[in-house]
Amino acid sequence: MAAQLREGSLALDIELDGQAQKQLLEYLALLIKWNAAYNLTAVRDPEKMVVRHLLDSLAIAKHITGDRLIDVGTGAGLPGIP
């Protein structure tokens, strides 16, 4: 999943340092864990979660400006956390 995240972020022209990658994958691990108990997302396959959750959320990053933002109603934290 790390390679998939790295390659996907490069394709989006988003540079993620090692710490950011680690944190995103830790978030994904928590999402996978708690998704089983609380049905946070319909996507269950971890590799699909990288694309459909992390990379899809990161795709808007270059279009966000400002020092303060609010993401209302994110549910499982998407797209706000990534």
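Work out the charge dipole of the chain with +1 on the Cβ of Lys and Arg and -1 on the Cβ of Asp and Glu about the Cα centre, then indicate which of 5, 31, 19 is farthest towards its positive end.
Checked the options; the winner is 31.
Along the Cα→Cβ direction, 7 angstrom out, place labels at residue 23 and residue 76. What is the inter-label distance in nm?
For the pair residue 23/residue 76, the computed spacing is 2.1 nm.
Highest first, please rank the peptides 31-41, 46-56 by the mean number of other Cβ atoms sitting within 10 Å of their residues. Walk me through the intermediate numbers first.
Values: 31-41: 13.0, 46-56: 17.3.
By packing density, highest mean first, the sequence is 46-56, 31-41.
Check cross-link reach from residue 33 to the lysines: straight Cα distance under 16 Å, and skip same-chain residues fewer than eight apart.
48
What is the gain in length, in nm to one decimal, between residue 51 and residue 69 on full extension, counting 0.36 nm per residue of separation less the C-alpha to C-alpha distance? Let's see the in-between values first.
Values: separation 18, 0.36 × 18 = 6.48 nm, distance 2.35 nm.
Separation in residues times 0.36 nm, less the Cα-Cα distance, equals 4.1 nm.
For the chain, calculate the relative contact order in percent as a whole number, restricting contacts to Cα pairs under 8 Å that are 6 or more residues apart. Display every interim value, and only then the final one.
On the way: 54 pairs, mean separation 28.0, N = 82.
Across the chain, relative contact order equals 34 percent.
Per residue, how much accessible area does the chain have with a 1.4 Å probe, in Å²?
Details: 5670 Å² over 82 residues.
Dividing the accessible area of the chain by its residue count gives 69 Å².
Treating only the Cβ of Lys, Arg, Asp and Glu as charged (+1, +1, -1, -1), what charge dipole size does the chain show about its Cα centre? Round to the nearest 20 debye.
The calculated dipole for the chain is roughly 240 debye.
Karplus couplings for the stretch 36-46 from phi (6.51 cos²θ - 1.76 cosθ + 1.60, θ = phi - 60°), rounded to Hz, Gly and Pro as x?
Each residue's phi maps through the Karplus curve to give 5, 8, 10, 6, 6, 8, 6, 6, 10, 6, x Hz.
Rounded if a/c is under 1.5, else prolate if a/b beats b/c, else oblate: with a ≥ b ≥ c from the C-alpha gyration tensor eigenvalues square-rooted, which is the chain?
Details: a/c = 1.88, a/b = 1.18, b/c = 1.60.
It is oblate, given that a/c is not under 1.5 and a/b is not larger than b/c.
Tally up the carbon and sulfur contribution to the accessible surface of the chain as a whole percent, 1.4 Å probe, everything protein left in place.
Values: 3060 of 5670 Å².
On the chain, the fraction of accessible area on carbon and sulfur atoms equals 54 percent.
The values are calculated or read from the model by the stated rules, or taken from the named source; none is laboratory data. The structure displayed is predicted, hence computed values, not measured ones. Cβ: placed from backbone, ideal geometry, glycine included. Neighbour counts: every protein chain shown. What goes into the accessible areas is simple: the full protein's heavy atoms, side chains included, and nothing from ligands, DNA or RNA. Shrake-Rupley method; radii C 1.70, N 1.55, O 1.52, S 1.80 Å.
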